[in-house]
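Worksheet: the structure to be examined is printed underneath.
Bear in mind that the values in this text are calculations on the coordinates, not laboratory data. Values in this document were obtained by computation on a predicted structure and should not be read as measured data. Every residue, glycine among them, receives a Cβ derived from its backbone with ideal geometry; neighbour counts consider all protein chains shown.
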Amino acid sequence: MSIEAVQPAFPDTGLDVIVTGLSSDAHTWNLVYLELLLEELGCRVTNLGACVPDATIVRECAVRRPDLVVVSSLNGHGCQDGVRLMDAFRAQPSLVTTPVVIGGKLDVTGGSNAARLLEAGFDAVFEDSGGLSPFRSFLRTLSVRTPGVPLGAG
Ligand code: B12
């Protein structure tokens, strides 16, 4: 685990964010960490918790219409569970353009699954080796985006 200080100059993002674990993943402190980090950055966070079935994630996102969904996985099944989640998520017409990112310890081999996860429909993949700076930069691009304009459309 790496702890990085939140940069005080970072502007409040004002984003509505859903944080969630995947269906097979029982780890919780990663979710608490991300919730606190995002709140410090000015996001309003709904944390769905650990071992969340795909259908529950899809339903909650369809109802809440978040600006961003942050998926965290530690148990090594992140790629398998994440690809399956995105099949159901992107099949929901109201969630086709909702930004979704995934990060954590996504594999047991230490290899990269980024290409497979991006192909499945994630907008970004944050591997532990990169630290949290790329995630902060990604949030900044979302917070300056025109409200209502899908990621990549502007
Ligand atoms: C505590 C723990 C458990 C507890 C969890 C209790 C709980 N309430 O959370 C228990 C005992 C239940 C557990 C179970 C298992 N665990 Co466990 N567990 C850990 C441990 C020791 C700490 C995890 C933790 O809480 N870290 C604290 C958080 C705050 O930090 P973090 O997880 O590192 O998250 C950081 C980054 O990953 C990143 N991050 C995470 N998600 C995301 C998402 C985004 C978008 C971004 C940008 C960043 C990001 O940000 C965080 C801060 O830097 C780790 C080993 C370790 N030292 O890390 C193993 C570890 C995660 N567990 C592991 C395994 C294998 C398991 C089990 C499969 C073991 C087993 N055979 O039963 C089960 C899985 C159960 C399941 N169904 O998921 C492996 C995973 C291996 C892998 N992925 O390669 C680890 C790495 C141990 C190891 N070295 O083998 N575990």
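Only one of the listed residues (Asp107, Asp81, Asp25) is closer than 25 Å to Gly131 by Cβ, more than 15 Å from the chain's Cα centre (by Cα) and within 11 Å of the ligand (Cβ to nearest atom). That residue is Asp107. For the range 97-120, name all the residues that are over 17 Å from His77 (Cα atoms) and in contact with a Phe, Trp or Tyr (Cβ under 7 Å, 6 or more places away or on another chain). Val100 - this is the single residue of the range 97-120 that is over 17 Å from His77 (Cα atoms) and in contact with a Phe, Trp or Tyr (Cβ under 7 Å, 6 or more places away or on another chain).
Residues in the range 50-88 that are surrounded by fewer than 16 Cβ atoms within 10 Å (Cβ to Cβ) and among the hydroxyl-bearing types (Ser, Thr, Tyr): Thr56 only.
Picking from residues in the range 89-122 that are under 19 Å from Leu142 (Cα atoms) and among the aliphatic types (A, V, I, L, M), the one that is surrounded by the most Cβ atoms within 10 Å (Cβ to Cβ) is Ile102. One residue stands out among those in the range 111-130 that are among the small types (Gly, Ala, Ser), assigned to a helix (DSSP H, G or I) and within 13 Å of the ligand (Cβ to nearest atom): the one that is nearest to Gly82 (Cα to Cα), which is Ala114.
Considering only residues that are in a loop (DSSP other than H, G, I, E, B) and within 13 Å of the ligand (Cβ to nearest atom), which ones fall in the range 28-57? Before you say what the answer is, go through the steps one by one.
Here is the first cut: in the range 28-57, the ones in a loop (DSSP other than H, G, I, E, B) are 28, 41-43, 48-53.
Within the range 28-57, Thr28, Leu41, Cys43, Gly49, Ala50, Cys51, Val52 qualify.
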